[in-house]
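Notes to accompany the following structure.
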Protein chains: 2
Amino acid sequence: MRIGEFGEFELIRRIGTFLPGPPGDVVVGIGDDVAVLNVSGPEYLLATCDAQVENIHFIRAATTPYQLGRKIVAINVSDIAACGGRPKWALVSLALTPDTGVDFVDGLYAGMQEEIHAAGASIVGGNLSGIRGEIVIDLSLLGTVSPECLILRNGARSGDLVLVTGTLGESRAGLELILRPELEVEQEAGDRVRARHLTPGARLREGRILAATGSIHAMADVSDGVLGDLGHICRASEVQAEIWPESLPISPECLRVAEVARCDAVQWALSGGEDYELLFTADPRRVPEIRGRLEAETGTSCHVIGRITGKGEAVLVRSREGMSSDYGRGPAGWDHFRAG
Amino acid sequence: MRIGEFGEFELIRRIGTFLPGPPGDVVVGIGDDVAVLNVSGPEYLLATCDAQVENIHFIRAATTPYQLGRKIVAINVSDIAACGGRPKWALVSLALTPDTGVDFVDGLYAGMQEEIHAAGASIVGGNLSGIRGEIVIDLSLLGTVSPECLILRNGARSGDLVLVTGTLGESRAGLELILRPELEVEQEAGDRVRARHLTPGARLREGRILAATGSIHAMADVSDGVLGDLGHICRASEVQAEIWPESLPISPECLRVAEVARCDAVQWALSGGEDYELLFTADPRRVPEIRGRLEAETGTSCHVIGRITGKGEAVLVRSREGMSSDYGRGPAGWDHFRAG
């Protein structure tokens, strides 16, 4: 069977089954976005990697090397943020075609350096390789977290509310404008959503503040789409959840682009992916305090978008009043091998 | 200018110049094969990454996924070995075409798992991505080393002898047989050199024993070819070296393949690359003890192949008696962007 039929997440599960259980110094191993490792120091080590592949994640004509550099760092920082951690050191592995301009490499490193510096981390090494086909930029990011601040995917509890920072769907709206340059929207809205796609920000401070509240049960960043990433939380926590489509935070700019593109902004918010917001669950009684503290310390708002309903592992999309929705179980989020 | 004209190592130097100096917790940063990081524990953290790119590093028809899995681990373990370290945790980033068979992934992980287990480490995470062109397998390996056992490239001193473990050139001989299947050599010789290319071993125990002698001034693994890797040591140490071609350890099997292929085994030994032997320098007075201890504890022999001659950064190939050699300065080793 080909992996295109098999699917990305099924393949990850399969890989997990034939690797042995992790040794004692591995707190969290394969299957999560971030590995958590015990280095016998005061803090745990966090390790994650994420790639940007030409013509899968980016098109060279539609992004600058600088933007690409910022993005590859931000998406990795976002994974560390979702654990409540602090990024420290990055390794950059590039596979480049010989015809790549030196200015491409210069721009890429300028973007990476700016974003890694803003995250309080540094580039400490890497690897350069040739490739004949398409460029691959692979970044591994190490971070640290104190054991009492570590938040994982697997702590969601029945009765928890599901919250998300910021807004959803804008990155997907930006992609739509990039793929369909003939669409006409107001400059400001267009610039905003394109920037959200090309140079997403990671919610690093927010992640640390949320973790420090001691009230977050499970957290992940929204990379595959809120439906897919809540699904990861549910499987890891062995719980079921519902998402309330009418509660999804969608910006006026995203709604405007969806209108012009004749697309469904709710669908974008559910499974467009690449939002890099933080998705988390918490006891309903603690939610007002969490929201207040996050907004006071960072200016970032967060919204309740659903709840953990009980045992299981599915995510249902239905209205808060229990009405079923046209979105049903919806698509499961971005799959690298099935996406066109 | 295109990176193909610029060259791999010039590009690495360029990148190094526009990144800021490393912060205090980075013991060794960009430019070395391995980053050395202070995690406030009793040991330093080591971090390295290396990739295998289809049609650059491997041809799918000429290797099994299992062999490829073993190789991607071994080449990273080799980098940790060359620091005197101990591998601990690996992240695997795969960019796969949708038509890749699930059995390819199964075989790849079986090979990686076997080799990582043998090295005393484990796979703790990674990333899966699609790609349209050629497969990329990228592995990041973390390890640890006690500060007193850490060996770097930059400690070579004038007067040191240059030594290498095992034999050189066999991997290149194996590649020749793979690229030219019409060549006829005795089965045993062919199998040996092909295996050396497809499933190289890392000198992990040897690295730790050499480091523990306290007598090694500089060490690197031979991935680019002994000429290229000694060049890295010389640049990092600001010294000049000479390699004695008549002293290079070349096996009868390698000589036989070179004879059949009408190639020069000495050239293969100098710059064929992918030998994954350990190349190191030491005070001449300590060399007999080092060689004896290494052979007694591992059964692996090592050979004196040259010496550090003084300040500078060049590597000259000339006979031990000071006669100049046809190899002159020779090619500088494998360059990913210049190689066909």
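Derivation of every value follows stated rules applied to the coordinates shown; laboratory data play no part. Just so it is clear, the model here is predicted, and its values are computed rather than measured. Every residue, glycine among them, receives a Cβ derived from its backbone with ideal geometry; neighbour counts consider all protein chains shown.
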Practice task
List the distances, in nm to one decimal, from the label point of A:Arg180 to the label points of the same position in every other copy, shortest first, placing each label point 7 Å from Cα along the Cα-to-Cβ direction.
Solution key: 5.7
Practice task
Find me the longest stretch of chain B that has none of the exposed trypsin sites (Lys or Arg not before Pro), where exposed means in a DSSP loop (not H, G, I, E or B) with at most 16 other Cβ atoms within 10 Å.
Solution key: B:1-131
Completion exercise
Residue separation between A:Asp283 and A:Arg262 times 0.36 nm, minus their alpha-carbon distance, gives in nm 3.8 nm
Problem - Lys, Arg +1 and Asp, Glu -1 on Cβ, resulting dipole of the protein assembly as shown about Cα centre, debye, nearest 20 - result: 920 debye
Handout entry: Point-charge dipole on Cβ atoms (K/R +1, D/E -1) for chain B, about Cα centre, debye to 20
Key = 660 debye
Fill in the blank from the handout: In this structure, the FRET efficiency calculated for B:Arg13 and B:Asn38 from their beta-carbon separation, with R0 = 35 Å, to the nearest 0.05, is 0.90
Handout entry: Amide N proximity, the range A:254-268 versus A:Glu186 label position 7 Å along Cα-to-Cβ, cut-off under 15 Å
Key = A:254-260
Completion exercise
Largest fluctuation, B:Leu183, B:Leu163, B:Leu316 only, Gaussian network model of chain B with Cα springs under 10 angstrom, belongs to B:Leu183
Handout entry: Computed [θ] at 222 nm, deg cm²/dmol, the protein assembly as shown (DSSP H ≥ 4; -39,500 (n - 2.57); rounded to nearest 500)
Key = -11000 deg cm²/dmol
Exercise for the section: Figure the gain on full extension for B:Ala212 and B:Glu246 (residue separation times 0.36 nm, minus the Cα-Cα span) and round it to one decimal in nm. Expected result: 9.3 nm
Problem - Gain upon complete extension [A:Asp25, A:Ser158; 0.36 nm per residue less C-alpha separation] - result: 44.9 nm
Completion exercise
Computed about the Cα centre, the charge dipole of the range A:32-149 from +1 Lys/Arg and -1 Asp/Glu charges at the Cβ has a magnitude in debye, to the nearest 20, of 100 debye
Completion exercise
Rounded to 0.05, the calculated FRET efficiency for the beta carbons of A:Met1 and B:Glu313 at R₀ = 60 Å is 0.70
Completion exercise
Ranked by GNM mean-square fluctuation in chain A (Cα springs under 10 Å), the top entry among A:Leu270, A:Leu177, A:Leu168 is A:Leu177
Practice task
Can you list which of the GluC sites (Glu not before Pro) found in the range A:212-314 are DSSP loop residues with at most 13 other C-beta atoms within 10 Å?
Solution key: A:Glu238
Problem - the range A:153-317, relative contact order [Cα under 8 Å, separation at least 6], % - result: 46 percent
Practice task
Between chains A and B there is a rotation axis; tell me the chain A residue with the nearest beta carbon and how many whole Å away it sits.
Solution key: A:Gly133, 1
Completion exercise
With the label set 7 Å along Cα→Cβ, B:Glu5 is separated from its counterparts in the other copies, in nm and shortest first, by 4.9
Handout entry: Rg(Cα)/(2.2 N^0.38 Å) for chain B, N = residue count
Key = 0.97
Fill in the blank from the handout: With the label set 7 Å along Cα→Cβ, B:Asp103 is separated from its counterparts in the other copies, in nm and shortest first, by 4.9
Fill in the blank from the handout: Per 5 angstrom bin, beginning at 0 and ending with the bin that holds the maximum distance, the Cα pairs of the range B:32-149 fall in percents of 2, 12, 23, 23, 16, 11, 7, 4, 2, 0
Practice task
If a/c stays under 1.5 just call it rounded; otherwise compare a/b with b/c (prolate if a/b is bigger, oblate if not). Do that for the range B:153-317, with a ≥ b ≥ c from the square roots of the Cα gyration tensor eigenvalues.
Solution key: prolate
Practice task
Starting from the Kirkwood radius over alpha-carbon pairs of the protein assembly as shown, derive D by Stokes-Einstein at 20 °C in a medium of 1.002 mPa s and give it in µm² s⁻¹.
Solution key: 82 µm²/s
